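To start, the structure under review is shown below, and the notes come after it.
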């Protein structure tokens, strides 16, 4: 019987130099260890070209004196402070890996029975983790993939800022014109934002007049807002209980929020346009876009987060990168339930989750699978996570084989063989 389990790739052998880095904002700390136990004690180097060159010279000299052939460089998954360094190292003959900060924290407590954190202790702990084989391959995106990662992150930040602005706008509208939100539910709609920019108070609406208000809503909403909605808003303005004291000062902030929301909308639209361009630059994007329910934003985000699907040899590696790998807590006769680790890229899980919502709809490609899970008593959230895993597996297979998704592939294949 064929064994479908993938073997863990081992980068560490008796000819491998382990280099671990503790990342800082201005100063990093490096540490080197040879298989025979020889080491270079933790040393500082600056986050600048000169410091990077000094690090590389030290690595090269130690590797040569120890007669080693390979170099593995690892560090904790951190924020932006490590990016210039690993972009420098990606052009060197080294294998880059990253270590989960949670692993580092736990091993620190075992080392010396203390959670003590120091610049000299941390690199040694990272080296220990790498030596044990508990590190993930670091894929540094380049070309179109690098653009997609930046655009995805920029869009995500803009969406968060816009959400905060819309929440602030709702709070102010409730003070000025509470009935507004009862008639126009979505404060982010074009009609709502236009009215809040030009006619933010009940008195402005009344002064505009019922017919003019209805015509304005019809024009701005492109016919989606009915005359009945205009009538309701006008009557609500006439009987509004919105405050008048200090109103002018509130309007200052309303005007600012309106402009800020439009600014974030513009940034999001611009990012999505750029995503569309760079996605088409990726040779395997057509495979991902062939899946009904996955659009440009999702595909761009997944490529940006993964860096390069082709750099991973197994789906297990990609699942772990996303934090969708499964674990259980069992003891004796007790067998625990499976859970996802969540020790991976949160944005990648978010993109897959929203894609899962799309593919489980009535006409979605995984609607039947989702319904079967629910029929077995699986909670909806857990079923959607399972669909996310299934969707990621499908993406990986299509990209690996450079093929497109075919609906009812298995049934078609069976009929072709029968014929």
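Each reported figure results from applying straightforward, stated rules to the coordinates on display, with no laboratory input. Just so it is clear, the model here is predicted, and its values are computed rather than measured. Here Cβ is always computed from backbone atoms with ideal geometry, including for glycine, and neighbour counts include all displayed protein chains.
Classify the stretch 179-222 as rounded, prolate or oblate from the Cα gyration tensor: take a ≥ b ≥ c as the square roots of its eigenvalues, call it rounded if a/c is under 1.5, otherwise prolate when a/b beats b/c and oblate if not. Write out the running numbers ahead of the final one.
On the way: a/c = 1.63, a/b = 1.14, b/c = 1.43.
Cα axes put the stretch 179-222 in the oblate bin.
At a 10 Å Cβ-Cβ cut-off, how would you order 290, 258, fewest neighbours first? All intermediate terms of the calculation are to be shown ahead of the outcome.
On the way: 290 13, 258 18.
Ordered from fewest to most neighbouring Cβ atoms within 10 Å, 290, 258 come out as 290, 258.
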Chain lengthening between residue 194 and residue 49 when straightened (0.36 nm per residue, less Cα-Cα): 47.2 nm
Pull out a ≥ b ≥ c, the square roots of the eigenvalues of the alpha-carbon gyration tensor of the stretch 154-269, then state rounded if a/c is under 1.5, prolate if not and a/b is larger than b/c, and oblate in the remaining case. oblate
For the stretch 272-322 and the stretch 143-207, what is the separation of their Cα centres, given in Å? 30
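When a/c reaches 1.5 or more, the comparison of a/b and b/c decides; with that in mind, is the stretch 222-268 rounded, prolate or oblate per its Cα gyration tensor?
On the way: a/c = 5.10, a/b = 1.13, b/c = 4.51.
It is oblate, given that a/c is not under 1.5 and a/b is not larger than b/c.
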Residue 228/residue 263 FRET efficiency (R0 56 Å; Cβ-Cβ; nearest 0.05): 0.95
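Convex hull over the alpha-carbon atoms of the stretch 24-105: what's its volume per residue in Å³? Before the final figure, lay out each step's value.
Numbers: hull volume 8.2 nm³, N = 82.
Roughly 100 Å³ of hull volume per residue.
Express the Stokes-Einstein translational diffusion coefficient of the chain in µm² s⁻¹, to the nearest whole number, given a Kirkwood radius over alpha-carbon pairs, 37 °C and a viscosity of 0.692 mPa s.
Once the numbers are plugged in, D ends up at 127 µm²/s.
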